[in-house]
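Here, each number is a calculation from the coordinates, and none is a lab measurement. These numbers come from a predicted model, not from an experiment. So basically every Cβ, Gly included, is an ideal-geometry build from the backbone, and we count neighbours across all protein chains shown.
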2 protein chains.
Amino acid sequence: MPLMKSWVDSANTDTTDFPLNNLPYGAFLTEEGEQHCGVAIGDMILDITALEADGVLAVPDEEEVFFFGDWTEFMALGAGVWEGFRTAVTELLSADYADPQGLTEYMVPQVGTQLVLPFAVSEYTDFYASLNHASNVGTMFRGPENALPPNWLSIPIGYNGRASSVQVSGTDVRRPWGQLKAPDQELPVFAPCKRFDIELEMGAIVGQPSEGPVTVGEADDMIFGYVLLNDWSARDIQAWEYQPLGPFQSKATATTISPWIVPKAALEPFRCDTPERQRPLLDHLKEPGPMLYDIALEVGMAPEGGEETVISQTNYNQMYYSAAQQLAHHTTSGCPMSVGDLLGSGTISGVEKHQRGALLEITWGGKDPITLDSGETRTFIEDGDTLTLRGGAVGDGYRVGFGSCTAKVLPALDDPYKR
Amino acid sequence: MPLMKSWVDSANTDTTDFPLNNLPYGAFLTEEGEQHCGVAIGDMILDITALEADGVLAVPDEEEVFFFGDWTEFMALGAGVWEGFRTAVTELLSADYADPQGLTEYMVPQVGTQLVLPFAVSEYTDFYASLNHASNVGTMFRGPENALPPNWLSIPIGYNGRASSVQVSGTDVRRPWGQLKAPDQELPVFAPCKRFDIELEMGAIVGQPSEGPVTVGEADDMIFGYVLLNDWSARDIQAWEYQPLGPFQSKATATTISPWIVPKAALEPFRCDTPERQRPLLDHLKEPGPMLYDIALEVGMAPEGGEETVISQTNYNQMYYSAAQQLAHHTTSGCPMSVGDLLGSGTISGVEKHQRGALLEITWGGKDPITLDSGETRTFIEDGDTLTLRGGAVGDGYRVGFGSCTAKVLPALDDPYKR
């Protein structure tokens, strides 16, 4: 599929994240401070809440779906509504649309507009599903012969994360305190995290609920769209706490997502297969078709007041398990899934060093620092650093992107209990 | 404090769970099928939603707090409102109340009334905080010398559970399917769980939100009340999945809570200290006063159509960490806590075999079956078994109880993917 032309000129390039082929869902604050739903097009936002209020655009048989400036209610209406709405917005923004002038009052520039979380995160689950990442981390922690846990090739390993930690791109992240114990210490101390890290991930948003187990194909149908996701990780807190029941406070400080939810429909041309299985999967996890996506990803790091250096470049097609497989596994026990559940893919790492999605891997546990373009070196994140994830699927003369998923790391509080 | 007298006769005994000293919060369906908030008194329920609608009882400066038959909005109003409301209900139900006749239209018999979940569970966290339980399970899995993980005496170990799995007492539980791998098998199979188990726990309900880290004292102030909690556990699924990131599908089928939330105020007379520390705690986890409670607990098991046998008797005072300590730990990273968060205490086990809170421990991993009064034996739960938790704090001539936390286990589906 080639670039689809819009009457919004800035959408008709191969560099914008938001051509007519994309039309991702976000939320923003109006000049009056109201939260509205919006769709990104080029460097503008189409104000969906205002269009609905004025009767220009409506979901058939529904009222005030976008009134609260949140996409949750829309998601709950199901795939038929998603498709019809996308068709309607595509017509409004197409170069063929008869009356673009009549829509200018609904166009808001992206520059200078504050974006907010576009849906209510119901529950958040994070996975561990990149073979390269799991092998790297496993080698560091358990040695090369025990790198991959015995269950890894049979189960998309996941753990429940903390939904309340999810925030939108642009929100600062405060370096956490926690219990740390260095290998040469006998007892832990309570202190600011010294090994604060990113995890480059994609997030899949569940748009339809389930009650019993679902197949991989049914799971794929339940997914509404995708975001970029940075699962901030305190490695020193993690090392001391994670046995025997998994990561907890090391992952609870913040989880940053991109402001724009790219609809599954916009990613259709970029579907690809998961890699060849190293061990056959049980039937309930087999994919009926290609369920991964070819999405180029990168991470930029900028010191306070300095230029950004790209520290990682990889691709979502590196995952061993797709989001649909992860969601299917999530329901095997009968676990009920809800509209607004967010599934983190797990850190996405390629084979090469520059393709790794976490500083833990890139610097091999801090032993092999990286040098930024400014000449500064890094093992883990330092105060004032800004970390930015970007991603896009590249088509014929266009790119389907997510907007940047960015946050600055603020220093830890001197005393976290001082009010 | 002695038994407080009510004009509801059935509340004036030392056997009811619901004397005037208690006044726990629940939700029920009216004859018209509406969900209402209620307070238990003796064998009756006081219909709070109807009282508010008729203007007999109100939260000052608030309207329709109980309109939806859910206590979440009330919790969010804070401790001052909790106290004032409890005082008002105590007056209405006291033996001294001037016009009991005027309240009879608001009294609903408990027998024959369907109770429902009394609040919206925001997120659910489960802990691992009984020293006896951790030692028993650790010994079984890792041998006696490695029974307790190195961090256990420093951190109230917890993991995020699945809020969508929480259901009210009386809701059946379907035996789950999952990936299982016996030690002598090379590869897993997808099959119904064979080692389905209970975990006897208390649940603490967070009634006030937090943003940064909170002290143990502040955490105690945030707790609204307590419930009984059964964290159903599929031991064979757990054994195969839980390394390296913790329990996931093994704990996601169902989590049953008692229908009544006992307010913290009703438990005040039963506060007690956590046991002596085996290793000094870091300052941020030290308790400023007694934050555990003396609550006698038991588990009953009844085979299909048969009599119940009590299979465990223990006490909440056996916990090494209090809910306030767990909540304080939960916030150390800056993790935001929300109104309606539910914290499971972790399995509560005493020292003796009959004081253990899970079949895994009682039958020592299935090696030492128990015999029920009917003569049948059990290692884990069999289809048709009904498991019931009960708990109460025993005062001077009265008991503050939770109502029973009960559910029947239904057989696994023949084919979980058949629609």
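For the residue pairs A:5/A:353; B:264/B:286; B:194/B:286; A:353/B:181; A:181/B:353; B:194/B:418, the C-alpha atoms sit more than 29 angstrom apart in A:5/A:353; B:194/B:286; A:353/B:181; A:181/B:353.
For the range A:192-313, averaging the sequence separation of C-alpha pairs within contact (under 8 Å, six or more residues apart) and dividing by the residue count gives a relative contact order of 22 percent. Straight Cα distances below 12 angstrom link residue A:251 to the aspartates and glutamates A:126, A:197, A:199, A:231, A:236, A:241, with same-chain residues fewer than 8 positions distant left out. Placing a label point 7 Å from Cα along the Cα-to-Cβ direction at residue B:217 gives distances to the equivalent points in the other copies of 6.2 nm, listed shortest first. Applying the criteria of a DSSP loop state and at most 11 other Cβ atoms within 10 Å to the GluC sites (Glu not before Pro) of the range B:88-189 yields B:186.
Once C-alpha pairs closer than 8 Å and six or more residues apart are averaged by separation and normalised to the residue number of the range B:124-410, the relative contact order reads 27 percent. Values of log10 I(q)/I(0) for the protein assembly as shown across q = 0.05, 0.08, 0.09, 0.11 Å⁻¹ run -0.28, -0.72, -0.91, -1.33, by the Debye formula with one identical scatterer at each alpha carbon and no solvent. Phi angles across the range B:381-395 convert, under the Karplus curve 6.51 cos²θ - 1.76 cosθ + 1.60 with θ = phi - 60°, into 3J(HN,Hα) values of 6, 9, 4, x, 5, 10, 10, 10, 9, 9, x, x, 9, 9, x Hz, Gly and Pro given as x. Once C-alpha pairs closer than 8 Å and six or more residues apart are averaged by separation and normalised to the residue number of the range B:9-116, the relative contact order reads 29 percent. Computed from the Cα positions only, the extents of the range B:161-290 along the three principal axes stand at 51, 38, 29 Å, in decreasing order. For the residues of B:333-343, the average number of beta carbons from a partner chain within 10 Å of their own beta carbon is 5. Shielding of peptide B:247-258 by partners, expressed as the average count of other chain Cβ atoms within 10 Å per residue Cβ, is 4.
Dimensions of the range A:9-116 along the principal axes, based on C-alpha atoms and rounded to the nearest Å, stand at 35, 30, 24, largest first. For the range B:146-204 and the range B:69-89, what is the separation of their Cα centres, given in Å? Centre-to-centre (Cα) distance: 34 Å. Classify the range A:230-286 from the C-alpha gyration tensor, please: rounded if a/c falls under 1.5, else prolate or oblate depending on whether a/b exceeds b/c. Oblate, since a/c reaches 1.5 and b/c is not below a/b. Counting Cβ atoms of other protein chains within 10 Å of each residue's Cβ and taking the mean over peptide A:147-157 gives 4. Relative to the longest principal axis of the Cα atoms of chain B, helix B:79-93 runs at roughly 60 degrees. Chain B residue nearest the rotation axis toward A, with distance: B:246, 1 (Cβ to axis, whole Å).
Amide H contacts of residue A:27 (H built 1.01 Å from N, in plane; Pro and chain starts excluded): A:38, A:116 sit under 5 Å, all sequence-distant by 5 or more or on other chains. Viscosity 1.567 mPa s, temperature 4 °C: Stokes-Einstein D of chain A from its Kirkwood Cα radius, in µm² per second? Calculated translational D: 59 µm²/s. Convert 20 °C to kelvin, take the viscosity as 1.002 mPa s, use the Kirkwood radius over C-alpha pairs of the range B:250-364 as Rh, and evaluate the Stokes-Einstein diffusion coefficient in µm²/s, rounded to a whole number. Rounded, D is 130 µm²/s. Treating the angle as unsigned and between 0 and 90°, give the value, to the nearest 10°, between the Cα long axis of helix B:131-142 and the longest Cα principal axis of chain B. In chain B, helix B:131-142 runs at an angle near 20 degrees to the longest axis.
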